[in-house]
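Please read the structure below before turning to the comments.
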Amino acid sequence: MKNRVTIRDVARAAGVSGATVSYVLNNVKKVSEETSRRIHEAVEELGYYPDYTAISLSKKKSNLIGVVAPFISNAPASVFENNQYYDHFLSGVESVSRAHHFDTMISGVTDPVECINWVKKRNLDGLILIGSLSEELYQVIRKVELPIICIDIYEEHAEQYVNVRIDDEAGGYLAAKHLLELGHREIAFLATSLQDSSVEQMRFKGFQRAFEEFNVNVNEDLVFELKDLTFSNGYDWGVRFVQEQLSCTAAVTVSDHIAIGAMKGLSKHGVSVPDDFSIIGFDDLAISQYITPELTTVRQNIFEKGSIAADQLIQSIEHQHQSEHSKTLIQLPVELVVRGSTKEN
């Protein structure tokens, strides 16, 4: 196996000291143009690249930020592979981190000790935590004293950090209000786990508020928990709607994934959207505009959420002012995007 090219090899080829090579590559000390040219030529000819692990250890800074999401039932596919939300969010994170010369590492977490070992092993400079994570995890993470940004988190133990989220309650309200204005009264609410997800609790709270304004009772028998945000779970609910002849004319969902899956299940079994059934998604993923009919949904700017999170984190890392930002809430707006999946009842 070919040995790794070292800074000494570059120095030897350029006829200078290792310190001079370091000065040039790190732009620390000015050297002559001729010396700089020889060093860069040697670097290119030898294929040298810095040992970033060693650099991060010496500088105690890695220019690495971590993005952490919870695994559900030890199923990473349900968190990353099948949820396009993370594609949009991580694109926002990457756009900012790259511009500031930071790299991004992503992990799902089931255990606090596992998370801390990952943070220490990678020498991360800061963390972005997404969604409901255990209080135990927060207690352990606090001990490493890293800048942290929370995303979509309502739990009290996250209040000491910068928290970036949308107005979830308003989103649930806008969706239900739209269907009620169209004359629907028996409206299903499709969630994953209202007990475990504070985000879904807030969306359901907005759903309930709209019903109160219209003096209509929420039918608790039409509140469904589907366990996971996947197209297949939405599809299964659509099949169930037909097989059990559920008495509703519309549905508000907590995710475009569930809505699109449900539309497929309904259509496959002879139920037309929106002629027979109206449905609303949540997020406005790119795919929502490219299905038939196009999906009415609650839009949030997921890319912007990711970019704001990365910007806030990098500011905290670079300027070491995490304490100044503690308990800061950045709440982004939502809007209802009316397309073809809803119709008057």
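The values are calculated or read from the model by the stated rules, or taken from the named source; none is laboratory data. Keep in mind that what you see is a predicted model, and the values were worked out from it rather than measured. No Cβ is skipped: glycine too gets one built from the backbone with ideal geometry, and neighbour counts run over all protein chains shown. Surface areas here come from the heavy atoms of the whole protein model, side chains and all, with no ligands, DNA or RNA. Shrake-Rupley method; radii C 1.70, N 1.55, O 1.52, S 1.80 Å.
Of the residues Glu33, Glu114, Glu159, the one that moves most in a GNM of the chain with alpha-carbon contacts below 10 Å is Glu33.
Please calculate how many Å² of accessible area the chain carries per residue, with a 1.4 Å probe and no DNA, RNA or ligand atoms counted. Don't skip to the end; give the middle numbers.
Numbers: 17360 Å² over 345 residues.
Heavy-atom SASA per residue in the chain reads 50 Å².
In the chain, taking the dipole from charged Cβ atoms about the Cα centre, the farthest positive-side position among Val338, Val16, His319 is held by Val16. Rounded to the nearest Hz, the phi-derived 3J(HN,Hα) couplings of segment 189-198 under the Karplus curve 6.51 cos²θ - 1.76 cosθ + 1.60 (θ = phi - 60°) are 10, 9, 10, 10, 8, 5, 6, 9, 10, 5, where x marks glycine and proline. The residue among Gly183, Leu127, Thr230 whose Cα reaches farthest toward the positive pole of the charge dipole of the chain, with charges on the beta-carbon of Lys, Arg, Asp and Glu, is Leu127. Among rounded, prolate and oblate, which fits segment 211-305 when a ≥ b ≥ c are the square roots of the eigenvalues of its C-alpha gyration tensor, a/c under 1.5 means rounded, and a/b larger than b/c means prolate? The shape class here is oblate.
Helical content alone sets the calculated 222 nm signal of the chain at -13500 deg cm²/dmol, taking -39,500 (n - 2.57) per DSSP H segment of four or more residues and averaging over every residue. Summary of packing: across the peptides 278-285, 292-299, the per-residue average of other C-beta atoms within 10 Å ranks them, highest first, as 278-285, 292-299. DSSP assigns beta bridges within segment 203-345; of those with both partners inside it, close to 30 percent run antiparallel.
Which entries in Lys264/Lys343; Lys143/Lys227; Lys227/Lys264; Lys177/Lys227; Lys205/Lys305 show an alpha-carbon gap greater than 27 Å?
Values: Lys264/Lys343 17 Å; Lys143/Lys227 32 Å; Lys227/Lys264 19 Å; Lys177/Lys227 25 Å; Lys205/Lys305 22 Å.
Going by Cα-Cα distance, Lys143/Lys227 fall outside the 27 Å limit.
For the peptides 8-21, 246-259, what is the packing order when you average, over each peptide's residues, the other Cβ atoms within 10 Å and list the highest mean first?
Numbers: 8-21: 17.2, 246-259: 25.5.
Per-residue mean Cβ counts within 10 Å order the peptides as 246-259, 8-21.
GNM remark for the chain: springs join alpha carbons under 10 Å apart, and the peak mean-square fluctuation among Arg142, Arg122, Arg185 falls on Arg142. Counting only residues at least eight positions apart within a chain, or on another chain, the aspartates and glutamates with an alpha carbon under 19 Å from that of Lys121 are Asp51, Asp103, Asp111, Glu145.
Taking K and R as +1 and D and E as -1, what net charge do the other residues with C-beta under 10 Å from the C-beta of Lys343 add up to?
Numbers: positive: none; negative: Asp275, Asp276, Glu344.
Neighbourhood net charge equals -3.
Restricting to bridges with both residues inside the chain, how much of the DSSP beta-bridge set is antiparallel, in percent to the nearest 5? Write out the running numbers ahead of the final one.
Numbers: 4 of 40 bridges.
DSSP beta bridges in the chain are roughly 10 percent antiparallel.
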